[in-house]
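Reading through the structure tokens given below for one structure.
The values are calculated or read from the model by the stated rules, or taken from the named source; none is laboratory data. Quick caveat: nothing in here was measured; it's all calculated off a predicted structure. Please note: Cβ atoms are built from the backbone with ideal geometry, for glycine as well, and neighbour counts cover all protein chains shown. The protein model used for the area step is the full one, side chains on, heavy atoms only, and it has no ligands, DNA or RNA in it. Shrake-Rupley method; radii C 1.70, N 1.55, O 1.52, S 1.80 Å.
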Amino acid sequence: MRNCVRKKILCCINGSFGERFAEVAEANGLSVVKLAPALGEPIAALDLDEMLSKNPDVEAVALTHNETSVGLINPLKELAASVRKHDKLIFVDAVSSMGGTEINVDELGIDVCFSSSQKCFGVPPGLGIGSVSEKAMNLSATASNKGWYFDFKVWEEDQKKGHGTPVTPAIPQIAGLNTALKMIERNGGKKWYFDLYKERNQRIRRGIEKYGLSTFPRKGSESPTVNCIKAPDGVEGGAIYEMMREKGFELAEGYGPLKKKTFRIGNMGYIEMGDIDLMLDTLGKIVSSL
Ligand SMILES: *Cc1c(COP(=O)(O)O)cnc(C)c1O
């Protein structure tokens, strides 16, 4: 926000992390235009196009690629094309999608794409991972009051010198990420890893459907890294979460406005197919005992 935007940004919101993106913009003194469809609906490229036509002074678009709170993935390719058509910057929160599904950063013209160690890479938390386009870098060069710690130019300078980073980084996480990436390469590269995500995700979805449960987001927009599942009638999502916890399975509660109505099952990090089957068996028993 502070490296690239002077006054106004458009934030696409379909859940809590999109909301947070807007909060960050506001906290940095920017004027924010919001595009927020009904919960469970993806951002539509046509709506974004219309919003950008109506707000020509917007400098950048902020998008949460995979909205973890709702278990929904946005159509990044179409949305990026809309943004490019209007010649705006695009910032992508890919925290729960980078590593779990393909993101062609350069082809799509994404200016800032960021993630972290603890989601799809399956490494402990503490490391931010990101890419910055040349256009964003050039804007940063002339930005004022951008602070120091996240000044792109400061980080670029150290990287160019070959020394790495201007501050001491989370070294164990860098070593962990290196190991995780090597493991992916050894097993056949990113296609293998993306397929693994798909397989685990669909195994979970097919499993819950057998118990009469269904996912929250619009069909076709379900996330490949986390399933957000509607709690059975008359039961709170938190109750399912607690019962599963008692049996030794750490799922996730619903998030934000969906806290009571849903619970979530992520498939990020190191998970064996056998673990998924055991978890589904246990969930099936709990659901049928309600
Ligand atoms: C987990 C997550 C975040 C927040 O990451 P923290 O490191 O917990 O702050 C942001 N955006 C998305 C989409 C996430 O899934």
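Summary table
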read-out	value
Beta bridges per DSSP with both ends in the chain, % antiparallel, nearest 5	50
Within the chain, longest stretch free of exposed chymotrypsin sites (Phe, Trp or Tyr not before Pro) [DSSP loop, at most 12 other beta carbons within 10 Å]	1-147
Apportionment of accessible area to carbon and sulfur, the range 132-199, percent (1.4 Å)	57
All-pairs Cα distance distribution in the chain, expressed in whole percent, bin size 5 Å	1, 5, 11, 15, 17, 16, 13, 10, 7, 4, 1, 0, 0
Rounded to the nearest 20 debye, dipole of the chain from Cβ charges on Lys, Arg, Asp, Glu	40
Karplus 3J(HN,Hα) series, Hz, for the range 138-148 with 6.51 cos²θ - 1.76 cosθ + 1.60 (x for Gly, Pro)	5, 5, 4, 4, 10, 6, 10, 6, 9, x, 10
Relative contact order for the range 189-289, counting Cα pairs under 8 Å that sit 6 or more residues apart, in percent	29
Area of Ser131 that stays accessible when all protein chains are in place (1.4 Å probe, Å², to 10)	40
Tally of Lys pairs whose C-alpha atoms are under 12 Å apart, taken over the range 189-289, 8 or more apart or cross-chain	5
Greater than 23 Å apart at Cα, pairs in Lys54/Lys146; Lys135/Lys160; Lys34/Lys85	Lys54/Lys146
The chain, accessible area per residue, ligands and nucleic acids excluded (1.4 Å, Å²)	51
Cα-derived Rg to Rh of the range 189-289, Kirkwood definition	0.95
DSSP beta bridges in the range 1-157 [antiparallel fraction, %, rounded to 5]	30
Mean separation of Cα contacts under 8 Å (6+ apart) over length of the chain, as relative contact order %	17
Residues listed by number, the range 1-21, amide nitrogen under 19 Å from Trp148 label point at 7 Å toward C-beta	2-3
Computed label-point distance, nm, for sites Ala38 and Arg84 using a 7 Å Cα→Cβ extension	3.2
